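The values are calculated or read from the model by the stated rules, or taken from the named source; none is laboratory data. Small disclaimer: the values here were computed from a predicted structure and weren't measured. Here Cβ is always computed from backbone atoms with ideal geometry, including for glycine, and neighbour counts include all displayed protein chains. Side chains included, ligands, DNA and RNA excluded: accessible areas come from the protein's heavy atoms. Shrake-Rupley method; radii C 1.70, N 1.55, O 1.52, S 1.80 Å.
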Amino acid sequence: MRLPAWIAQHLAALRALLVLTVLTGVVYPLAVTAVAQIPGLKYQADGSLVKIGDSTVASAIIGQGFVDKDGNPLVQYFQIRPSDAGTGWDPTATGASNLGPESVVDTLPNPADKNKVGRPSLLTQVCTRSLKVGKLEGVDGSRPYCTPGGAGAVLGVFHRDGSTGPVTRVVSLNEACPTTPFLASYQGVTVECARFGADYTKAVATPVRGDAPATRRYRRTP
Amino acid sequence: MSDTTAGAVFIAVLALALAAAYRPLGDYMYRVVNSTRHLRVERVMYRLIGVNPDGEQSWGVYARSVLAFSAVSVLFLYLFLRVQHWLWLSLGFPNVVPSGAWNTAVSFVTNTNWQWYSGESTMGHLVQMAGLAVQNFASAAVGIAVAVALVRGFTRGSAKSGLRGSAGQPGPGADQLGNFWVDLVRICVRIVLPLSVLAAVVLVAGGAIQNLSAGTDVHTLAGATQHITGGPVASQEAIKDLGTNGGGFYNANSAHPFENPTAWTNWLEIFLLLVISFSLPRTFGRLVGSNKQGYAIVAAMVIMAAGSIIMINVLQGTHPGTVPAAVGAATEGTESRFGVFNSGTFASATTLTSTGSVDSFHDSYTALGGGVLLLNMMLGEVAPGGTGSGLYGILILAVLTVFVAGLMVGRTPEYLGKKIGAREVKFASLYFLTTPTLVLAGTAVGMATGWGKAGILNPGAHGLSEVLYAFTSAANNNGSAFAGLTVNTTPYNIALGLAMLLGRFLPMVFALGLAGSVAGQNPVPESAGRCWSASP
Amino acid sequence: MAVTTVGQGPAAAGQPSGSGGRRISGGLLDPGQLWRSTPDALRKLNPATLWRNPVMFIVEVGSVCTTVLSLVHPTVFAWLITVWLWLTVVFANLAEAVAEGRGKAQAETLRRAKTDTVARRLPAWPALTEEPVPATGLQLGDVVVVEAGQTIPGDGDVIEGIASVDESAITGESAPVIRESGGDRSAVTGGTRVLSDRIVVRITQKPGESFIDRMIALVEGANRQKTPNEIALNILLAALTIIFLLAVATLQPLAIYSKSVQAFAPDSQALDATGLTGVVLVSLLVCLIPTTIGALLSAIGIAGMDRLVQRNVLAMSGRAVEAAGDVNTLLLDKTGTITLGNRQASEFLPVDGVAAAALADAAQLSSLADETPEGRSVVVYAKTAYGLRERHPGELSHATWVEFTAQTRMSGVDLNEVPARRIRKGAAAAVMKWVRDHGGHPTEQVGPIVDGISASGGTPLVVAEHLDGAPARALGVIHLKDVVKQGMRERFDEMRRMGIRTVMITGDNPLTARAIAAEAGVDDFLAEAKPEDKMALIKREQEGGKLVAMTGDGTNDAPALAQADVGVAMNTGTSAAKEAGNMVDLDSDPTKLIEIVEIGKQLLITRGALTTFSIANDVAKYFAIIPAIFAAVYPGLGTLNIMALHSPASAILSAVIFNALVIVALIPLALRGVRYTPSSAAAMLRRNLLVYGLGGVIVPFLGIKLIDLVVQFIPGIS
């Protein structure tokens, strides 16, 4: 019995796929795994595991948190960078914040619902961490575009004509009431604190530089 | 050494290494695709597949073979994902949901490797290595095969029986483009497989893991428990880069220490994901019998790539934007093992090719920096592009450029001795229509529907870029993401799957159609009045 | 107008060396012509015809949309945009109408030639019984008789008789031409008039397919088919149009989203909460799609054919014109094309002991009775080089003239002086024999001189003298030479730069052919060529993938003309030749092939240049329109407004107006063709990229800014 050409073609395709699967999907990874068992490679291939006595405590190349159960730093250890993997340093949920450079306005927490923490903007996250590290290490944690309270210093400015014209109203978007805004007034208009649920979409989000020293990635020691 | 200097040295060494590989690798690939000999293992494979390795195919048959193989691959991978729970090494992960399985199956078969899922919490080891990684090999080989078939179209004509005749073999028919099955097997067996073995072992030496363990629970110094994962990572990482696939074992992709442990493996991975695509122009030059043609193509690629890499490094280095100003650098989303500059170079390389793996997170890039990445993909990924797809993309770009330029010097335009007439322009135009159509239609639908807007993470124009980036990445078969967008929804999985599928195979068919069209022509001799565009 | 332009053809072709005269250019565009073509342009708005031009069809559809929108929400801005969009379509149609209009005038003159004639058919030829038939009723193969004063009723071959024919109706050339049966001058064209004698003609055309019918159709562009490159370009333009159509369609949801997330932004004339207004979307689309080239593409094609017609060349297909631009090899007949028709005396070479002036005198005397062109040239040369006045046979009453015959191959004179003096001039062998017969023997010197002249490709004529009582002796040799037309070498050099190989075809022996080829500067030659050799050469070239152009007139040229990619038949030639070729040169000037090649190239270059220009134009339009639409929402985009345009409305309007006006501005260029100077491809590409690519980027910036300076004062555009 001869098969129609199009079926024959797909059978050939299926056979080709199976052949390649055996070659590149089974033989190849197993071969590499076998090679990786030779001394000098085995340690890395197994995950660069670090042991203290009989207990495996870490992988040498995977970060872990040096914080207590509540997330407070254990000061006897060197504190490593913040992690976005799961709730922090979770190798089963790797990833990044994916927040952009203009992620500056927080989603405020609902004061009525204690479980909801809101969603801080990247700017506020940076400001908060900086303040915390500053406090921990006893250095100045202030940064440009940050409020002294560790939030993003961003004003929602209402103009008469939308994006232009005189200022009619100003809200400090990341400082939920009853926080006192970091600025008393902006262009002669009193700055309000932000209320949960209020509509600020017609305001132009305006980050305020403040007078903190410019941050350099590598601050040279004097 | 300041980190700017370090970044510059990093790029310079990379360029030197690629330049050094250009001739040997390009020549080697030429010999592989132009050889008349079959290795013993290949003969066995042809027998198992049931094809005659010496039969030649016309463009239609070649295209149907590509499509048949890819269709079977999608179906096979889909079923694999749907039943993974019941197979070995599933790590207990459940079967993948239908829309997700569809999206991933298409994604890997199309060399896109768009990932809606987190590898470490969705895919078992078996499906990673025998399902996904197989398509990493196959899709790369299919890309190269189609590119080679297109080039063969230019070298063959009805007057002379093509260049293969010079190897002592009876010349193939006029409009024959080679044999897809032979190309597929050879490219796998002789090019990508050996290079992958080499690269995988080197990556293991650098710290990438390679085992079949389900992972180890460790008790950290702080008293918590951490699950250190296991898996055949290095073997998959090697082909992920080499085949410009990009689908990482982990969600964090090449930012994960087990995939990309150190600064030098980072360099190696960038090298791997560029090397085949940058060397293929040499193969092309050899095939058409003029290395100058290869240099012209690679020069065009280098100019575009260099521009892109410089721009991204400058933009990331000067880091405009509010948050980077507060931080003092555009570090968000980058690994400090690699730093801002080397991350930027990786990001540029991954979007210039169809790789899409990341060692930093593009969504957190500066606005213009992210724009450069988007632009890289929108240019059609031709500098140097995906394995094979970059070459056929730039050749078709050359065809259109030569068409307009040829008119300007008052001749019916020709490229490589073949006239560019209505039929050729039609195929080339269709080729270039496909991706913008998919990107624009996809984005329009995404922005106009509730499900489309629901996934947006960042505010304002940035959110719009997330959707545009997703469809650009899918339709261009890149697979990188402005990952802020939540795409793990049924509509996004279906829509992006369609964009990937059409964005891969329509252009391929048009490229093969063009090949068939020019293969049927008599070659036109070279003369002083002809136009050689050295750079498109 | 048509007659005068037709008349220009031969004049232009007659001076191949003049640098200014042969520059390809069409007639200048007369503004009145624009006005006269307007009704035609409006008629072309009919969508049923416009859809053939996809780019302009989209613009028309857009215009209809904005018209409707303007009626629903009338604003000054909307109406102005609507008006200018309609003008864009009209301008495009105008370009085509003007191009066609030029041909129409020509067609009018041709129609006048096609008056209703009554043919005198000879149904039983060779019996001479006649029957009157209307010319339109003549069938292929009918035989008719035409006498002096009558109009030839249809195209055909003379099968009996000889007549002078006035062909001015089709060639514009008033001098009558001779048509005779047999040979290569047998073809007559319907509509021309017999001036003398009587001829019998066998009709070779089908009814309604006469040469004049085809000419009329051609110059009117009525059944103009798109050429291959034009089709390819159309596909490319359609593809670009689709991409931009999609891009603009996608912009709408993007705009709505942007507007909603940047809610503080005020509504503008371009953008409000419901998205971009339809008028703005259409404007954006029209500005981005390649309207400039879309509008001018068919005009370029028509004008290209028209330029050929103005040079009195009829191309039977557009494909042939394009092929002319691609020609790799030109086959040129030596005689008449590369050299002047005949050999001419160019030197007198006396043997020792004979003064040059004496030789000149003897040469002149012996040639007076030689009426062949060569003989005449000896007399002329003696006059110009030695100041010898021409003496007429009657002047020397005591002379006996010996005329040149093909048998004796000598001419001369016997002078009854004392002593009697006999002079002979002729082919070396014949004259030497004469010398020996009269007791002389040729000096040692004559042989080498003769051989030297032969080797250089010339023809030697020996002059000898026999005085009574003395042995005859040779006086010297006349060097007859093929004179290469002036300026040919330069033209062939140009051809070489353009990548075209020139091959000279000649019946001469290889030695002579080589010498002439070297002098003229052609790349190659085919000596002792028979028609079969020509055919073989063409086939050989074509097998290598080359395109070959040639001219021909004889029936035996017909197969080669048909085989060549560009076969230019001489109008004086046979019907067979005219049928076989794909072009006919009404002036029967073989050098015109070179101009045809240039026109073919110019046609392609014009298309390419305007396409580049059109695409390059988009850059400025992005800078005008994108900030205009989005600056309110994303203030950062305001920095893109580098032209500092007054307002969003004025920016969009200016771009639309520029887009329309640039079409009008380019109509003359489209009709005239881009200036073409033969040079290498690289140099030409560089130049055209610079002019049309870079120019295409810069011009709209200036243009849009200037228009903006004006439109900002229109109330409602602020």
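I'd like the GluC sites (Glu not before Pro) in segment C:57-149 restricted to DSSP loop residues with at most 16 other Cβ atoms within 10 Å, sorted by number. Before the final figure, lay out each step's value.
On the way: sites: C:E60, C:E96, C:E100, C:E108, C:E130, C:E147; in loops: C:E130.
Here the GluC sites (Glu not before Pro) that fit, given the DSSP loop and packing criteria, are C:E130.
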Taking Cα atoms only, helix C:356-367 is inclined relative to the longest principal axis of chain C by an angle, in degrees rounded to 10, of 90 degrees
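Report the convex hull volume per residue for chain A, counting only C-alpha atoms, in Å³. Mind dumping the intermediate values first?
Working: hull volume 68.8 nm³, N = 222.
Once divided by residue count, the hull of chain A is 310 Å³.
Enter the accessible area per residue of segment C:325-425 (Å², integer; probe 1.4 Å; all protein chains in place). Intermediate results must be reported in sequence, preceding the final value.
Numbers: 4460 Å² over 101 residues.
I get 44 Å² per residue for this part.
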Mean projection of the alpha-carbon convex hull of segment C:646-718 over all orientations, in nm²?
5.5 nm²
Taking only the alpha-carbon positions of segment C:468-558 as identical scatterers, the Debye log10 I(q)/I(0) at q = 0.19, 0.26 Å⁻¹ comes out as -1.02, -1.42
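Diagonalise the Cα gyration tensor of chain C and give the resulting equivalent ellipsoid semi-axes, square root of 5 times each eigenvalue, largest first, whole Å. Write down the numbers at each step before the final one.
Numbers: eigenvalues 907, 189, 77 Å².
Those come to 67, 31, 20 Å.
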Going by alpha carbons, how many degrees (0 to 90, nearest 10) lie between the helix axis of A:122-137 and the longest principal axis of chain A?
80 degrees
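Where both partners of a DSSP beta bridge lie in the protein assembly as shown, what percent of those bridges are antiparallel, to the nearest 5? Let's see the in-between values first.
Details: 90 of 113 bridges.
The antiparallel fraction comes to roughly 80 percent.
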Is the C-alpha gyration tensor of segment C:52-179 telling us rounded, prolate or oblate? Criteria: a/c under 1.5 is rounded; beyond that, a/b larger than b/c is prolate, otherwise oblate.
prolate
Chains B and A together, accessible area buried on both sides, 1.4 angstrom probe, square angstrom:
6500 Å²
How much solvent-accessible surface does B:S213 expose, in Å² to the nearest 10, with a 1.4 Å probe and all protein chains in place?
40 Å²
Stokes-Einstein diffusion coefficient of segment B:169-310, Kirkwood radius over Cα pairs, 25 °C, 0.890 mPa s, in µm²/s
137 µm²/s
So in chain C, what percent of DSSP beta bridges are antiparallel if you round to the nearest 5?
75 percent
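Sorting check: for C:692-698, B:383-389, C:526-532, which peptide has the highest mean count of neighbouring beta carbons within 10 Å, and how do the rest follow?
Top of the packing list down: B:383-389, C:692-698, C:526-532.
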Neighbour-limited loop hits for trypsin sites (Lys or Arg not before Pro), segment C:300-409 (at most 12 other Cβ within 10 Å; DSSP other than H, G, I, E, B)
C:R389
How much net charge surrounds A:V57 when only other residues with a Cβ under 12 Å from its Cβ are counted (Lys, Arg +1; Asp, Glu -1)?
-1
Shielding by other protein chains, C:543-550, mean Cβ within 10 Å
3
If you keep only loop residues by DSSP, which GluC sites (Glu not before Pro) in segment B:213-298 have at most 13 other Cβ atoms within 10 Å of their Cβ?
none
Net charge of Cβ neighbours under 12 Å - reference C:A265; Lys, Arg +1; Asp, Glu -1:
-1
For chain C, whose charge dipole is built from +1 on Lys and Arg Cβ atoms and -1 on Asp and Glu Cβ atoms, the candidate among C:P74, C:G452, C:P134 with its Cα farthest towards the positive end is C:P74
For chain B, which whole percent of the accessible surface, found with a 1.4 angstrom probe, sits on carbon and sulfur atoms?
67 percent
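Given a cut-off of 20 Å, what percent of all Cα-Cα pairs of segment C:573-709 lie beyond it? Write down the numbers at each step before the final one.
Details: 5532 of 9316 pairs.
More than 20 Å apart: 59 percent of the Cα pairs in segment C:573-709.
Distance check, please: which entries in C:K383/C:K530; B:K418/C:K44; A:K132/C:K259; C:K104/C:K592 exceed 29 angstrom between their Cα atoms? Provide the component values of the computation, followed by the final result.
Working: C:K383/C:K530 38 Å; B:K418/C:K44 37 Å; A:K132/C:K259 38 Å; C:K104/C:K592 24 Å.
Beyond 29 Å: C:K383/C:K530; B:K418/C:K44; A:K132/C:K259.
Only four residue types carry charge here, +1 at the Cβ of Lys and Arg and -1 at the Cβ of Asp and Glu. Report the dipole size of segment B:167-249 about the Cα centre in Debye, rounded to the nearest 20.
Working: 3 positive and 5 negative charges, 27 e Å.
The calculated dipole for segment B:167-249 is roughly 120 debye.
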Sort segment B:1-146 into rounded, prolate or oblate with this rule: let a ≥ b ≥ c be the square roots of the eigenvalues of the Cα gyration tensor; rounded if a/c is under 1.5, and if a/c is not under 1.5, prolate when a/b is larger than b/c, oblate otherwise.
oblate
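How large is the convex hull of the Cα atoms of chain B per residue, expressed in Å³ as a whole number? Walk me through the numbers on the way to the answer.
On the way: hull volume 82.0 nm³, N = 536.
For chain B, the hull spanned by Cα atoms encloses 153 Å³ per residue.
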Among B:A405, C:I626, C:P373, whose Cα projects farthest towards the positive end of the dipole of the protein assembly as shown, with charges put on the beta-carbon of Lys, Arg (+1) and Asp, Glu (-1)?
C:I626
Residues along segment B:214-233 losing 10 Å² or more of accessible surface when the other protein chains are present rather than the chain by itself (probe 1.4 Å)
B:T216, B:V218, B:H219, B:T220, B:L221, B:A222, B:Q226, B:H227, B:I228, B:T229
Amide H neighbours of C:D565 under 5 Å, counting only residues 5+ apart in sequence or on other chains, H built in-plane at 1.01 Å?
C:V548
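For Cα pairs less than 8 Å apart in space and 6+ apart in sequence, what is the mean separation divided by the residue count of segment C:488-552, i.e. the relative contact order in percent? Show your work: numbers first, answer last.
Working: 64 pairs, mean separation 19.1, N = 65.
It rounds to 29 percent for segment C:488-552.
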For the protein assembly as shown, taking Cα atoms only, what is the radius of gyration to one decimal and the Dmax to the nearest whole Å?
41.6, 148
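Counting only protein heavy atoms and a 1.4 Å probe, tell me what percentage of chain C's accessible area is made up of carbon and sulfur. Show your work: numbers first, answer last.
Numbers: 16820 of 27830 Å².
Carbon plus sulfur share of accessible area: 60 percent.
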What lysines could a cross-link reach from C:K534, if we take a straight Cα to Cα line under 18 Å and drop same-chain neighbours fewer than 8 places away?
C:K334, C:K546, C:K578
Those residues in segment C:231-247 that give up at least 50 Å² of accessible surface, probe 1.4 Å, once the partner protein chains are present instead of the chain by itself are C:A232, C:I235, C:L236, C:I243, C:L246
